[in-house]
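To start, the structure under review is shown below, and the notes come after it.
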Amino acid sequence: MGYSDTDSTQEKTSLKQPSGSIDLIIDGAGCASCVGKIEGALTSVKGVQQAEMNFAARTVSVSGQAEPSALIQAVKQAGYSAKVVQSSSEEALLDEKEQVDLAYYKTLMRKMWIGIALGLPLMIYSIVGGEMTVTTPTERLAWLFVGALTFSVMYFAGKHFFVGAWQSFKNHSANMDTLIALGTGTAWVYSMAVIAVPELIPDMARHVYFEATAMIIGLINLGLALEVKARGRTSEAIKRLIGLQPKTARVLRDGIEVDIPIEQVLLHDIVRVRPGEKIPVDGVIQEGQTAIDESMLTGEPMPVVKNAGDEVVTGTLNKTGSIVFKATRVGKDTALAQIIKMVKVAQNSKPPIGRLADIISAYFVPVVMIIAVLSALAWLNFGPEPALAFAIVSATTVLIIACPCALGLATPMSVMVGVGKAAEAGVLIRNGAALQTASKITAMILDKTGTITEGAPKVTDIIVTNGSHEDSILQLAASMESSSEHPLAMAIVESATAKGLTLNRAENFNAIAGHGATATIQNQRLLLGNEKLMRDRKVDISGYIETAQQLASEAKTPIYFAVDEQLAAVIAVSDPIKQDSITAINRLQSNGIRVVMLTGDNRLTAKAVAEKVGITEFFAEVLPEEKAQKVAELQQQGEVVGMTGDGINDAPALALANVGFAIGTGTDVAIESADITLMRGSLHGLADAIAVSKATLRNIKQNLFGAFIYNVAGVPFAAGVLYPFFGLLLSPVIAGAAMAFSSLTVVMNANRLRLFKAKEH
């Protein structure tokens, strides 16, 4: 059947990564500017097509045909270290990543204690009035010993900063390591110069800064350790999804039922599942009847009755009966595995606002170094005595406080949590751009059939015009429509099948998009469709237009049926409105979103449905190719348009919309569709998706503010802008603590998003 409302299957797009995809775990990446360097180093390797790094997770996904050893070498030359992920399963991968993170966390904490153990006593000594200057030979000897201890701290607890800085220098770039190495190194070298050649330094400037060097290294290691600990929590959504899959399956082998690990289940294996057990792989029921709880997949709390021939999906819970099914998808091909992969890909993607932060970070370090030099020159030329000491302190403090490490975490941390949060609500977000754009939607277009309505219409009335029996008309129409997959056609066929009518073979079937269909049966020329089709084919329907309008006003779709150009019947089909469509649409409207309905149905039926659900703006009798035009028209009016549909005919409009929402059914269609997929059929998923999107974007902005405020506000203070007025100059130790605190602030704020709940409906 060729109506424009045809919504059968959704256009599919493969989610699978290229066969040559390699995942690397990166060590030593300390700030956002590292991302560009690592990605650039990897893409320069022969055979690499693309390299995309998730800074928050410290992983890189490399696609292409490059050798792993070449990739590791490229990362090493860029100043970092890398390890190829060996695990084949998602669960093993997470375990491997957790082990790497745990080892890194312990290393950082050990380095933190080394720095604090020396720096804290020195700092307390200076606070209580201890002498930090070098004036006597005894003091020189004592401070020389402390200088040696500080060097040990720099070597054992801060070596990675200096190695990273040197590697960056060799690559003609700068990063967070550069700032830390310059800051702490300058403080130590100056202090040692005071000890070695005090006669060359004015008396007032003979101050040592070993406590600053040790404390900064300790505090920054502490910040990194806390960041590693906190970011591990962002992958909880993935862990929960993985946890849905059972570990074993009961399969029939050589006539015997055996329990085997899930990895050993083969395609077409016969699997038995008892009540209370989870479905281990995707399949089709061969024997038995049961009710299955698919809430993990669709969010729908009511169990779904399943009989022989119905599909079952991995991770869903068998509630009542014992069933035997044939495995149709196993391993990485199951619906659950595809969902996990989709969430991971989305978590790894960057929204536009994240790319802006990366660009700023890349330029920030060199700019800060210039500011530090200018600050030092200003103190040397215009500062009070000891000018040299003031210059060293201000330059060191500027270098330390300006590290943009928190800036690099701001976006990816929020995206990881936001995408995971949406997945928990049954909303699958394909990429970071969709996540960001969804927060700006001002107009939402809803397809009618299958989106606002159930998409499972039923025949309600058959009004014959020539005295024929209803069953004869129904048999003829159903025979014709058995070649169509349109929901309205399927409703006619199902009605005939339910009555036990035998269908005949139709010839010359032709679907006319947006109008209906034609066919021939036993030399009878058949037309089934809307008023346009009848008028085009010169069929006189004048005596039944009022009847059709009456049916349409009752939210039924009238279909004209003609035999040999003579009207034979008007068949009414009704598609029930989903139970919660009204409240969901009201929820969208109350959030200030303009809701528009599109349908290929006639105007009266569309009007009746629109009035029932509270939509005042709708377009009826829209042909498939016109749906995209309606999207474009709204965009030209300045609207940011979301398009929601569930059929292949909606694909052009979904693609053109700023954000395409696919109504999923829980399997392939749900997984492989538009920008955002709503796993459950409810339109509340739209409001949930937009709410999560807004919350995530708000969280990203808070993180960017939290990261920038330390840098932007701290740099002038570090440079000494308050000194002329209040005599205050920021300590490098305070700068180190502020930098560590900024990272911690961003990580904690991103994790706060895990507590977000969409408004109750």
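Between the listed residues 468, 558, 480, the Cα displaced farthest toward the positive end of the dipole of region 458-574, a dipole computed from Cβ unit charges relative to the Cα centre, is found at 480. Rounded to the nearest 0.05, the FRET efficiency derived from the C-beta distance between residue 310 and residue 263 at R0 = 22 Å is 0.30. Computed over the chain, relative contact order equals 17 percent, with contacts defined as Cα pairs under 8 Å that lie 6+ residues apart. From helices alone, the chain scores -16000 deg cm²/dmol at 222 nm; the rule is -39500 (n - 2.57) for each run of n ≥ 4 DSSP H residues, then divide by the residue total. The peptide list 494-506, 695-707, put in order of mean Cβ contacts within 10 Å with the highest first, becomes 695-707, 494-506.
Taken one residue at a time, the phi angles of region 691-701 give Karplus couplings (6.51, -1.76, 1.60, θ = phi - 60°) of 5, 5, 4, 5, 5, 5, 5, 4, 5, 4, 5 Hz. Gly and Pro are set to x. Taking every alpha-carbon pair within the chain, the share separated by more than 41 Å comes to 47 percent. The relative contact order of region 576-635 comes to 33 percent, based on Cα pairs under 8 Å that sit 6 or more residues apart. If you take the Cα centroid of region 238-282 and the Cα centroid of region 498-536, the two points sit 46 Å apart.
Computed from the C-beta positions of residue 524 and residue 554 and an R0 of 30 Å, the FRET efficiency is 0.50 to the nearest 0.05.
When the residues 531, 39 are ordered by accessible surface, computed with a 1.4 Å probe over the protein chains alone, the sequence from largest down reads 531, 39. Overall, the ratio between the Cα radius of gyration of region 90-247 and 2.2 N^0.38 Å, rounded to two decimals, is 1.37. Roughly how far apart, in whole Å, are the Cα centres of region 616-636 and region 709-741? Distance between centres, Cα-based: 57 Å. Full extension of the chain between residue 170 and residue 320 yields a length gain of 47.4 nm, computed as 0.36 nm times the residue separation minus the alpha carbon distance.
Helix 352-382: angle to the longest alpha-carbon principal axis of the chain, degrees 0 to 90, nearest 10? Long axis of 352-382 versus the principal axis of the chain: about 20 degrees.
Approximating the spin labels as points 7 Å out from Cα along Cα→Cβ, the residue 616-to-residue 256 distance works out to 7.3 nm.
Along the axis of the charge dipole computed for region 490-549 (Cβ charges of +1 for Lys and Arg, -1 for Asp and Glu, origin at the Cα centre), the listed residues 545, 530, 506 are led at the positive end by 506.
The residues of region 21-86 have, on average, 39 Å² of accessible surface per residue, using a 1.4 Å probe with all protein chains present. A simple spin-label model places pseudo-atoms 7 Å from Cα toward Cβ; at residue 98 and residue 591 they are separated by 3.3 nm. Short-range pairs are left out: with C-alpha atoms under 8 Å and at least six residues apart, the relative contact order of region 458-574 is 29 percent. When the chain is described by a simple charge dipole with +1 on each Lys and Arg Cβ and -1 on each Asp and Glu Cβ, the residue from 645, 742, 61 located farthest towards its positive end is 742. Label-to-label distance for residue 502 and residue 141 is 11.8 nm, based on points extended 7 Å past Cα in the beta-carbon direction.
Taking the Cα centre of region 458-574 as reference, the dipole from Cβ charges on Lys and Arg (+1) and Asp and Glu (-1) amounts to some 140 debye.
Per residue, region 441-493 exposes 33 Å² of accessible surface when a 1.4 Å probe is rolled over the protein heavy atoms with every protein chain present. Apolar share of the accessible surface for the chain: 58 percent from carbon plus sulfur atoms, 1.4 Å probe.
Once the 1.4 Å probe is applied to the protein heavy atoms, region 97-181 comes out at 56 Å² accessible per residue. Taking Cα centre as origin and charging only the Cβ of basic (Lys, Arg, +1) and acidic (Asp, Glu, -1) residues, the dipole magnitude of the chain rounds to 2160 debye.
The values are calculated or read from the model by the stated rules, or taken from the named source; none is laboratory data. Because the structure is a prediction, the values reported are computed rather than measured. Don't worry about glycine lacking a Cβ; one is built from the backbone with ideal geometry, like all the others, and counts go over all protein chains shown. Heads up: the accessible areas ignore ligands, DNA and RNA and are worked out on the full protein's heavy atoms, side chains in. Shrake-Rupley method; radii C 1.70, N 1.55, O 1.52, S 1.80 Å.
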